[in-house]
Amino acid sequence: MKLGWIGIGRMGYEMAAHLAKAGADVTVWNRTRSKAEPLAQYGAKIADKLPDLAACDIVFVMVSTYDDVNEVIAGPAGLLSGARAPKRVVECSSISLEGSAALRALLAARGVEMLAAPVSGNAKVIKAGRLSFVCSGPKSAFDSALPYLKMIGPAASYVGEGELARIVKICHNVFLGVVIQSLSEITVLAQKAGVPRHAFLDFINESVMGSTFSRYKTPALVNLDFKVTFTPKLLRKDLDLGLDAGRRFEVPMPLAALTRDIVQTLIGHGMDDEDFAKLIMLQARASGISLEPENVPVSDGLA
């Protein structure tokens, strides 16, 4: 089966690399060709134009926003700009319910099945073999794509028809925001009372409250290494999507609303150029303390 891949950001590169390394027949395209070219060492082909992917059986899309998705699929030089169209599109970006539904209708008009398949994880999680997909759309599309999803990550959950995967991903990222803010608050509280951050988080991670996420974020919270995995602005976007969904379905979301405003405060203070775990710095400032890296080797739990 011939596969196409659109979008070679940090995550897209690792995902496409997993396919190529597993022996899949994959052709990749990126707006900046030089970013895709290193994948050739793993056997991937590099496309010059998006319509070159139209002959593929399945085309995966992993870009940043709905505008980007719409451009690469339906733009003047997009995937559907030629006479041919792929059989299926697996769309992995984080976009709204409405945007996903519009994209599904656009593809259906060309006879293309769409599987919504947003992910939980980032480039480091992919390398560690921990990426997970949540999928919705025609069951036939899921069954066809599943062997290739499993080449990228070990878990792919099918939740039903239509755009249900999008609401699951939105709920996931709202939870992400609420949890990192809560983790920042309790870590700063423990430190101000005299407990080193590494000692406190070691206890949390070994307790029933520990999680893959708390372990993964421990190096950032302990050593203040805020190399970007997910920016505050992207988190704000997903919190906004969650609050929009809450209004649509008449579900009160007070914690999500408060977290959204805290993330906005972080952005307003100019701390939006690094990882969203920098919320701990905002919490420390609000608590009247200044944080310094503890320079203690701690595990991220992914090894």
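The values are calculated or read from the model by the stated rules, or taken from the named source; none is laboratory data. Quick caveat: nothing in here was measured; it's all calculated off a predicted structure. Glycine gets a Cβ as well: all are built from the backbone with ideal geometry, and neighbour counts include every protein chain shown. Just so you know, the surface numbers come from the protein's heavy atoms only, side chains and all, with ligands and any DNA or RNA stripped out. Shrake-Rupley method; radii C 1.70, N 1.55, O 1.52, S 1.80 Å.
Per-residue answers, yes or no, for (1) of a type outside the set (Gly, Ala, Ser); (2) at pLDDT 95 or above; (3) in contact with a strand residue (DSSP E or B) (Cβ under 6 Å, 6 or more places away or on another chain); (4) part of a helix (DSSP H, G or I):
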| site | (1), (2), (3), (4) |
| --- | --- |
| GLN264 | yes, yes, no, yes |
| ASP273 | yes, no, no, no |
| ALA277 | no, yes, no, yes |
| LEU282 | yes, yes, no, yes |
| ARG285 | yes, yes, no, yes |
| GLY288 | no, yes, no, no |
| GLU294 | yes, yes, no, no |
| PRO297 | yes, yes, no, no |
| GLY301 | no, no, no, no |
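Looking only at residues of the range 79-96 that are within 23 Å of ILE170 (Cβ to Cβ) and of a type in the set (Ser, Thr, Tyr), we find that the one that is modelled with the highest pLDDT is SER93.
Could you tell me which residue of the range 114-144 is nearest to GLU14 (Cα to Cα), considering only residues that are touching a helix residue (DSSP H, G or I) at 6+ places or on another chain (Cβ under 7 Å), in a strand (DSSP E or B) and polar (S, T, N, Q)? Only one residue tops the list, namely SER120. Identify all residues within the range 228-281 that are more than 15 Å from ILE180 (Cβ to Cβ), small (Gly, Ala, Ser) and open to solvent by less than 60 Å² (accessible area, probe 1.4 Å); write none if there are none. Across the range 228-281, the qualifying residues are ALA245, GLY246, ALA257, GLY270. Filter the range 270-292 down to the residues that are touching a residue at least 24 places away in the same chain (Cβ under 8 Å) and of a type in the set (Ser, Thr, Tyr) and list them by number. Answer for the range 270-292, where residues must be touching a residue at least 24 places away in the same chain (Cβ under 8 Å) and of a type in the set (Ser, Thr, Tyr): just SER287.
Scan the range 98-113 for residues that are open to solvent by 60 Å² or more (accessible area, probe 1.4 Å), among the basic types (Lys, Arg) and in a helix (DSSP H, G or I) and the total you get is 0. Looking across the range 125-151 at every residue that is closer than 24 Å to LEU235 by Cα and of a type outside the set (Gly, Ala, Ser), the one that is most open to solvent (accessible area, probe 1.4 Å) is identified as LYS127.
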